[in-house]
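Here's the structure we're looking at; comments come further down.
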Amino acid sequence: MGILNVTPDSFSDGGLFADAEDAVAHGARLADEGADIVDVGGESTRPGAEPVHVDEELRRVIPVIEGLRVSRPDIVLSIDTRRSLVANEAVAAGAAIVNDISGGHDPAMLRVVRDTGAGLVLMHMQGDPHTMQDQPHYDDVVAEVHEFLRERVEAAVFAGVASDRLCVDPGIGFGKDLEHNLALLRTIERFHDLDAAVLVGASRKRFIGTLSGVDEAASRLEGSLAAAVLSVAHGADVVRVHDVAETVRALGVTDAIVRGGA
Ligand code: 9MG
């Protein structure tokens, strides 16, 4: 899954693709580099980010989804949003998947996904982007994140979303400190018993900068590759990344070693 942030303030590429035409061109480039899915987001979720008004979120993402649908109908698009209204409009415009970092917190989200037949990524987050890194706390991070996702999968299936349309995501960096992130990355296999695909998003995140000593987010390629490779080796089905070409090459080797997929 390639990341297409249409925001002025995302942590590693904020402002780069805020113009719809540039964003469409970048989305096409991500697909050409090997992304199976392009994830379009109009609200920054970096720690400390302020929420954006729904009209502004729609203004950012809908022209990009429409532009990609017309120019590149071959690309599978996902919409990165917490709002059912945005999800609904985005699916009508051409998105096939809803990537919801709140795990379906908006009461109408599961109904929108059911009615549109979209796929759904349910992610775990402690708190919200504005406050989530203010001393996150867990007694047992893996058990608590697993239980949250189990409950959200159950709620989605109860709401009528087909279980083969679901993906779960432990939410690396969302209300988690370094040790929480590492504990989750070491135990990715645990999430497979939830009967959904498993997605991991670690690309360029702060813990990678901390571990590799790289301050600038856009320069965290090597650490991001290490996280993607190990996530897939431990059973992740999807990795959400900025550096698609490099990740695809690294995962080709990973797949051959781990699964004999050469
Ligand atoms: C939008 N977004 C930012 N980080 C993410 C992650 O780790 N997972 C998912 N599903 N979405 C994310």
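The values are calculated or read from the model by the stated rules, or taken from the named source; none is laboratory data. Note that this is a predicted model, so its numbers are computed, not measured. Here the Cβ positions follow ideal geometry from the backbone for every residue, glycine too, while neighbour counts run over all protein chains shown. Heads up: the accessible areas ignore ligands, DNA and RNA and are worked out on the full protein's heavy atoms, side chains in. Shrake-Rupley method; radii C 1.70, N 1.55, O 1.52, S 1.80 Å.
Quick check on residue 91: is it over 30 Å from residue 29 (Cβ atoms), in contact with a strand residue (DSSP E or B) (Cβ under 9 Å, 6 or more places away or on another chain) and open to solvent by 10 Å² or more (accessible area, probe 1.4 Å)? No; evaluated as a whole, the condition is false for this residue. One residue stands out in segment 30-52 among those that are more than 15 Å from the chain's Cα centre (by Cα) and without any contact (Cβ under 8 Å) to a residue 60 or more places away in the chain: the one that is most open to solvent (accessible area, probe 1.4 Å), namely 32. Looking only at segment 149-186, residues that are of a type in the set (S, T, N, Q) and either within 13 Å of the ligand (Cβ to nearest atom) or touching a His at 6+ places or on another chain (Cβ under 8 Å) (or both) come to 1 in all.
Only residues that are farther than 19 Å from residue 113 by Cα, assigned to a helix (DSSP H, G or I) and not basic (Lys, Arg) were counted in segment 27-65, giving 9.
Counting only residues that are in contact with an Asp or Glu (Cβ under 7 Å, 6 or more places away or on another chain), away from the ligand (no atom under 12 Å from the Cβ) and either under 25 Å from residue 149 (Cα atoms) or of a type in the set (Ser, Thr, Tyr) (or both), segment 193-231 holds 1 of them.
Each residue in segment 53-68 was checked for being touching a residue at least 40 places away in the same chain (Cβ under 8 Å) and within 16 Å of the ligand (Cβ to nearest atom), and 3 of them qualify.
In segment 122-142 there is at least one residue that is surrounded by fewer than 20 Cβ atoms within 10 Å (Cβ to Cβ), among the small types (Gly, Ala, Ser) and either within 16 Å of the ligand (Cβ to nearest atom) or at pLDDT below 95 (or both).
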